[in-house]
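Peer 1: Input: one structure, supplied below.
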Amino acid sequence: MALINENYLKLKAGYLFPEIARRVNAFSEANAEAAARIIRCGIGDVTEALPLAAREAMKAAVDELGDRTTFRGYGPEQGYPFLRAAIAENMFRSREIDVADDEIFVSDGSKCDTGNILDIFGKGNVLAITDPVYPVYVDTNVMAGNTGEADASGAYAGIVYLPCTAANGFVPGIPAEKVDLIYLCYPNNPTGATATRAQLEAWVAYARKHGAIILYDAAYEAFVGDPDVPRSIYEIPGARECAIEFRSFSKHGGFTGVRCAFTVVPKSLMGRTAAGAAQALHPLWARRQSTKFNGVSYPVQRAAEALFSEAGKAQVRELIEHYMGNAALLREACAELGLDVHGGVNAPYIWVGCPRGVTSWEMFDRMLGEAHVVVTPGAGFGGAGEGFFRISAFNSRANVEEVCRRMKALSW
Ligand code: MLT
């Protein structure tokens with residue numbers, strides 16, 4: 001029999017969101033009447049129509065494929081030049097951030113990229129991961145054999161956990177020890193917190209001092225409304241020498257089902273070989289993508305490009321305003337109930353303290369069983385998420401208003 005990758009056996013339970021879906025399905029099967037009333041504020045999945053500019057561009061691109069004179073087969077694995085240029089210009093250079101077109105690698109999602117990036121790193125790196133955290137960073141390191149076993153609390157040996165608590169504003173302090181790879185996500189999933197410029201400057205200074213690399217997930221940058229909150233790690237001088245940034249059109253343009261994202265790997269970013277020789281990471285990622293990935297489909301890349309047209313930008317703004325309006329309502333409702341509420345200001349997630357003595361899975365069950373609302377239990381994001389639950393603002397206005405009403409009708 002073929003040998004398996006035994007690292008998979010170290011993984012705790014199922015991946016969080018399928019596990020939630022499983023529990024919701026079980027509840028629905030047992031409670032047909034309640035099932036019809038369920039409102040899903042668990043996984044952060046967009047609900048509103050795809051922007052018109054994207055739809056029109058996608059249809060025109062499909063028509064091009066329908067004519068042999070404009071037909072296209074395999075595209076460049078790193079993304080078409082038109083999209084790489086549109087991203088670099090509109091998301092970076094127009095904000096005076098130095099990113100070249102060929103430092104953009106177009107992909108089908110940040111979830112894939114944050115996992116796949118491990119292909120270009122060696123074994124033995126010391127990992128620093130925030131707690132709570134988007135579970136993909138942890139699980140992909142477990143799968144790659146970069147950790148030991150999990151303890152009773154679910155913490156894996158070999159990971160330096162960086163606790164994010166209300167006391168530190170959900171932005172971790174610099175670790176006392178030396179680490180090599182640091183995962184940061186701001187605006188944060190799941191807490192909805194943002195990092196200040198000074199906090200990111202401290203991380204960049206640390207990474208440069210220790211030759212560490214920051215894996216910066218900025219998938220929610222479009223939700224930052226406050227001009228003082230950094231939207232990219234590259235706003236911080238020196239970050240081009242120590243950071244990779246992940247971005248996505250999933251939430252930005254309502255593309256969760258369409259699939260388009262990108263990763264920025266600056267050409268000035270170096271790692272080292274075991275023998276101590278400096279090696280640029282850009283050609284390694286280019287090589288990895290051209291070997292294991294065939295690029296994003298042409299119509300999807302045209303749709304993403306269209307988000308940067310004048311009409312596209314206005315439609316994206318409208319989408320973001322819609323979801324952030326939802327976030328404000330959810331925040332307000334939680335505050336009115338006297339709950340400990342965080343996030344939801346420059347991020348589409350509201351991070352809410354459970355009433356005293358109630359665990360986050362108990363809260364999940366209660367919200368599902370009594371209010372028929374799906375939320376995400378904080379413990380699913382790590383040990384430090386216990387005692388919290390996350391409400392996603394991705395929904396229709398009517399559903400969010402109904403969630404607020406139902407929460408107010410619960411006895412807290
Ligand atoms: C979430 O709900 O945390 C996200 O939607 C998950 C994802 O983007 O993969």
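Peer 1: Let me have the relative contact order for the chain, percent, based on Cα pairs under 8 Å that are six or more residues apart. Could the numbers behind the result be given before it?
Peer 2: Working: 783 pairs, mean separation 95.9, N = 412.
Value for the chain: 23 percent.
Peer 1: Going by average Cβ density within 10 Å per residue, which order do the peptides 206-212, 13-19, 141-147, 388-394 take, highest to lowest? Display every interim value, and only then the final one.
Peer 2: On the way: 206-212: 16.9, 13-19: 13.4, 141-147: 18.9, 388-394: 26.7.
Output ranking for 206-212, 13-19, 141-147, 388-394: 388-394, 141-147, 206-212, 13-19.
Peer 1: Here's something else I'd like to know. Please list, ordered by chain and number, the residues whose modelled amide H lies under 5 Å from the amide H of Ala212; skip anything fewer than 5 residues away on the same chain.
Peer 2: Residues meeting the criterion, in which the H sits 1.01 Å from N, do not exist here.
Peer 1: As a test of the formula, what do you get for the chain when each DSSP H run with n ≥ 4 contributes -39,500 (n - 2.57) and the sum is divided by the residue count, at 222 nm and rounded to the nearest 500 deg cm²/dmol? Could you put the intermediate results ahead of the total?
Peer 2: Numbers: 12 runs with 137 residues, N = 412.
Estimated from H runs of four or more residues: -10000 deg cm²/dmol.
Peer 1: Something else: Please list, short to long, the whole-number percent of alpha-carbon pairs of the chain in consecutive 20 angstrom bins beginning at zero.
Peer 2: Per 20 Å bin, starting at zero, the Cα-Cα P(r) for the chain comes out as 26, 58, 16, 0 percent.
Peer 1: To continue, here is another question. Can you give the FRET efficiency to the nearest 0.05 for Arg68 and Ala100, using r as the Cβ-Cβ distance and R₀ = 51 Å?
Peer 2: Values: r = 34 Å, r/R0 = 0.67.
Calculated transfer efficiency: 0.90.
Peer 1: OK, next. Probe radius 1.4 Å, ligands and nucleic acids ignored: give me the carbon and sulfur share of the accessible area of the chain as a rounded percent.
Peer 2: Values: 9280 of 17480 Å².
For the chain, the apolar C and S fraction of the accessible surface comes to 53 percent.
Peer 1: Nearest 0.05, what FRET efficiency do Leu337 and Ser153 give at R0 = 22 Å with Cβ-Cβ as r? Walk me through the numbers on the way to the answer.
Peer 2: Values: r = 29 Å, r/R0 = 1.33.
It comes out at approximately 0.15.
Peer 1: Using the Karplus curve 6.51 cos²θ - 1.76 cosθ + 1.60 with θ = phi - 60°, what ³J(HN,Hα) values do you get for each residue of segment 178-191, in whole Hz, with x for Gly and Pro?
Peer 2: Values per residue, Gly and Pro as x: 8, 10, 10, 10, 10, 9, 10, 9, 9, x, 7, 10, x, 7 Hz.
Peer 1: Further question: Using a probe radius of 1.4 Å on heavy atoms only, what accessible surface per residue do you get for the chain? Whole Å² is fine. Don't jump to the answer; show the numbers that get you there.
Peer 2: Numbers: 17480 Å² over 412 residues.
Ligands and nucleic acids excluded, the figure is 42 Å² per residue.
Peer 1: When the Kirkwood hydrodynamic radius is evaluated over all pairs of different C-alpha atoms of segment 218-328, what value in angstrom, to one decimal, is obtained? Numbers along the way, then the final one.
Peer 2: Details: mean 1/r = 0.0616 Å⁻¹.
Final number for the Kirkwood radius of segment 218-328 is 16.2 Å.
Peer 1: Return the whole-Å distance between the Cα centroid of segment 114-147 and the Cα centroid of segment 20-85.
Peer 2: Their Cα centres are 27 Å away from one another.
Peer 1: So, one more: Taking θ as phi - 60°, what are the ³J(HN,Hα) couplings along segment 249-256 by the Karplus curve (6.51, -1.76, 1.60), each to the nearest whole Hz, with x for Gly and Pro?
Peer 2: 8, 4, 9, 4, x, x, 9, 4
Peer 1: For Lys209, which lysines qualify as cross-link partners when the Cα separation must be under 30 Å and same-chain residues fewer than eight apart are set aside?
Peer 2: Those lysines meeting the cut-off are Lys111, Lys123, Lys178, Lys267.
The values are calculated or read from the model by the stated rules, or taken from the named source; none is laboratory data. Computed from a prediction, not measured in an experiment: that's the story for all the values here. For neighbour counting, all protein chains shown are included, and Cβ atoms are generated from backbone atoms with ideal geometry for every residue, glycine included. Side chains are part of the model used for accessible areas, which takes the heavy atoms of the whole protein and leaves out ligands, DNA and RNA. Shrake-Rupley method; radii C 1.70, N 1.55, O 1.52, S 1.80 Å.
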